Amino acid sequence: MNYKHLEYFWHVANSGHLTRTAQQLHVSQSALSAQIKQLEQWLGTPLFERRGRKLLLTQAGYLAKQHADRIFTEGEQLVQQLKHGSTAQPSVIRIGHASTMSRNFVETFIEPLVAQRNTYYRLHSMTPDQLLNELGNHQIDIALTNSQVRVSAEQLWQSRLLDRQPVSIIGSRCLRVKQLSDPQLKQQPWVLPPENLTIRAAFDMLSAEYDWQPEVVAEADDMAMLRLLARDSQSLTVIPDVVVRDELDSGQLRRYVNLPQVFEDFYAITLKRPFQHPWVAKLLQAFH
């Protein structure tokens, strides 16, 4: 294999633009394109697909880029080690997570990475649609979300339930509530998830069943914001325990009672592909 061709492919894969890369490498666009085509012919598979003006990696291109990352990173580390006595950063694992999910859960998920000092990782906060797009374009290696993704034989995604966290009534007020039928829960101020979320639907059903007559003072679909509102507004909320773990431990918030059969689910989404980043399997194994 001609490693110069591989290097040209690697630069284009990183930028996603043929013209821009040709300018940076001081070669003509046609020459750059021709050398990538020679590499594709040698490997026997296309490495890019064109969408508009942008080049996106195919599955084979994603695999080739992973190998190229290691090859050229190792080369750079060799130069750094011999010339300067230091090494460059190791290969990176890219983790996307839904912007609305618990940061405490994300931190728990990456604990094995944190424990490995020589491992480099990137965290990206996104909307659910962005997570799927970035996975499909091979820009992240795994996605974490608190909403299920529909999968089928025709789709690229595979979804795995990592954990189910109980949902509780949480607040900073000094109430003596031990059961859902407690009269103290009537006519209290609440900060709640919006009506399109499962937790809110469960709360509304219980509210009608026990005649709570809640005063809803705020809504937020972001768990971190609900945590802050519950802590600072003297209002009650319904939230997974993991979200307010630190506040419960410090006594800033109190857990009153669990909502029966109500859970917040946490999923890992990956692409159906034969070659995964080696850290993906290690992180998932921690949640067997």
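Consider Ser152 carefully, then state whether it is modelled with pLDDT under 80 and of a type in the set (Ser, Thr, Tyr). Outline the logic, then answer.
Values: modelled with pLDDT under 80: yes; of a type in the set (Ser, Thr, Tyr): yes.
Taking the combined requirement at face value, the residue satisfies it.
So Glu76 passes all but one of these: (1) modelled with pLDDT of 85 or more; (2) among the charged types (D, E, K, R); (3) surrounded by 12 or more Cβ atoms within 10 Å (Cβ to Cβ). Which condition number does it fail?
(1)
Which residues, counting only those in the stretch 231-281, are under 23 Å from Ile95 (Cα atoms), at pLDDT 90 or above and of a type in the set (Phe, Trp, Tyr)?
Passing the criteria: Phe266, Tyr267.
Do we have any residue at all in the stretch 13-25 that's of a type outside the set (S, T, N, Q) and closer than 14 Å to Gln139 by Cα? Lay out the reasoning, then the answer.
The initial filter retains those residues of the stretch 13-25 that are of a type outside the set (S, T, N, Q), namely 13, 16-18, 20, 22, 25.
From the residues that got through so far, the ones that are closer than 14 Å to Gln139 by Cα too are 13, 16.
Scanning the stretch 13-25 turns up at least one residue that is of a type outside the set (S, T, N, Q) and closer than 14 Å to Gln139 by Cα.
Based on this model, can you work out whether Ile36 counts as surrounded by 17 or more Cβ atoms within 10 Å (Cβ to Cβ) and not assigned by TED's automatic domain parsing to the domain that holds Gly136? Outline the logic, then answer.
Values: surrounded by 17 or more Cβ atoms within 10 Å (Cβ to Cβ): yes; not assigned by TED's automatic domain parsing to the domain that holds Gly136: yes.
Answer is yes for this residue.
With the condition kept exactly as written, say whether any residue in the stretch 33-47 is of a type in the set (Phe, Trp, Tyr), out of contact with any Ser or Thr (no Cβ under 9 Å at 6 or more places or on another chain) and at pLDDT below 90.
Step one: of the stretch 33-47, the residues of a type in the set (Phe, Trp, Tyr) are 42.
From what is left, the residues that are out of contact with any Ser or Thr (no Cβ under 9 Å at 6 or more places or on another chain) are 42.
Among the residues that remain, those that are also at pLDDT below 90 are: none.
No, there is no match, as no residue in the stretch 33-47 is of a type in the set (Phe, Trp, Tyr), out of contact with any Ser or Thr (no Cβ under 9 Å at 6 or more places or on another chain) and at pLDDT below 90.
Residues that are of a type in the set (D, E, K, R), loosely packed, with under 14 Cβ neighbours inside 10 Å, over 29 Å from Gly16 (Cα atoms) and touching a residue at least 12 places away in the same chain (Cβ under 8 Å): does the stretch 113-133 have at least one?
Keep residues of the stretch 113-133 that are of a type in the set (D, E, K, R), which gives 117, 122, 129.
Applying the additional criterion that residues be loosely packed, with under 14 Cβ neighbours inside 10 Å yields 117, 122, 129.
Right, trim to over 29 Å from Gly16 (Cα atoms) and you get 117.
Going one step further and asking which of them are touching a residue at least 12 places away in the same chain (Cβ under 8 Å), we end up with none.
No - not one qualifying residue is present in the stretch 113-133.
Search the stretch 28-64 for residues being touching a strand residue (DSSP E or B) at 6+ places or on another chain (Cβ under 6 Å) and not hydrophobic (A, V, I, L, M, F, W, C), and hand back the single one that is nearest to His17 (Cα to Cα). Steps first, answer last, please.
Kept after step one, since they are touching a strand residue (DSSP E or B) at 6+ places or on another chain (Cβ under 6 Å), are these residues of the stretch 28-64: 48-49, 55-56, 58, 61.
Among the residues that remain, those that are also not hydrophobic (A, V, I, L, M, F, W, C) are: 49, 58, 61.
Working: Glu49: 12, Thr58: 15, Gly61: 14 Å.
The residue in question is Glu49.
Which residues, taken from the stretch 142-164, are touching a Ser or Thr at 6+ places or on another chain (Cβ under 8 Å) and either surrounded by 14 or more Cβ atoms within 10 Å (Cβ to Cβ) or under 17 Å from Thr100 (Cβ atoms) (or both)? Talk me through it step by step, then tell me what you get.
To start, the set of residues in the stretch 142-164 that are touching a Ser or Thr at 6+ places or on another chain (Cβ under 8 Å) comprises 142-143, 146, 148-149, 151, 157-158, 160.
Within the stretch 142-164, Ile142, Ala143, Asn146, Gln148, Val149, Trp157 qualify.
Step by step: first the residues of the stretch 62-73, then only those that are more than 11 Å from Leu6 (Cα to Cα) and free of Cβ contacts under 8 Å to residues at least 60 places away in the same chain, then the one that is surrounded by the fewest Cβ atoms within 10 Å (Cβ to Cβ). Which residue is that?
Taking the stretch 62-73 and keeping what is more than 11 Å from Leu6 (Cα to Cα), we get 62-63, 66, 70, 73.
Remaining after also requiring free of Cβ contacts under 8 Å to residues at least 60 places away in the same chain: 70, 73.
Working: Arg70: 12, Thr73: 16.
Of everything passing the filter in the stretch 62-73, Arg70 is surrounded by the fewest Cβ atoms within 10 Å (Cβ to Cβ).
Restricting attention to the stretch 210-224, and to residues there that are of a type in the set (A, V, I, L, M) and modelled with pLDDT of 90 or more, which single residue is surrounded by the most Cβ atoms within 10 Å (Cβ to Cβ)?
Taking the stretch 210-224 first, the residues of a type in the set (A, V, I, L, M) are 216-218, 220, 223-224.
When the remaining residues are screened for being modelled with pLDDT of 90 or more, the result is 216-218, 220.
On the way: Val216: 14, Val217: 14, Ala218: 15, Ala220: 18.
Looking at the filtered set, the residue picked out is Ala220.
Does Gln179 count as part of a loop (DSSP other than H, G, I, E, B), more than 30 Å from the chain's Cα centre (by Cα) and in contact (Cβ under 8 Å) with a residue 60 or more places away in the chain?
Values: part of a loop (DSSP other than H, G, I, E, B): yes; more than 30 Å from the chain's Cα centre (by Cα): yes; in contact (Cβ under 8 Å) with a residue 60 or more places away in the chain: yes.
In short, yes.
Could you say which residue among Ile169, Ile199 is touching a Ser or Thr at 6+ places or on another chain (Cβ under 9 Å) and either under 30 Å from His288 (Cβ atoms) or modelled with pLDDT of 90 or more (or both)?
Details: Ile199 fails: touching a Ser or Thr at 6+ places or on another chain (Cβ under 9 Å).
After applying the criteria, what remains is Ile169.
Can you pull out the residues in the stretch 9-55 that are in contact with a helix residue (DSSP H, G or I) (Cβ under 9 Å, 6 or more places away or on another chain), under 25 Å from Gln276 (Cβ atoms), touching a residue at least 24 places away in the same chain (Cβ under 8 Å) and outside any helix (DSSP H, G or I)?
Leu47, Phe48, Leu55, listed by residue number.
Select the strands (runs of 3 or more DSSP E) contained entirely in the stretch 196-288, then report the ones holding at least 1 residues which are in contact (Cβ under 8 Å) with a residue 60 or more places away in the chain.
Values: elements: 215-219, 237-240, 254-271.
In the stretch 196-288, the matching strands (runs of 3 or more DSSP E) lie at 237-240, 254-271.
The values are calculated or read from the model by the stated rules, or taken from the named source; none is laboratory data. None of the values given here were measured: they were computed from a predicted structure. Note: ideal-geometry Cβ built from the backbone for every residue, glycine included; neighbour counts use all protein chains shown.
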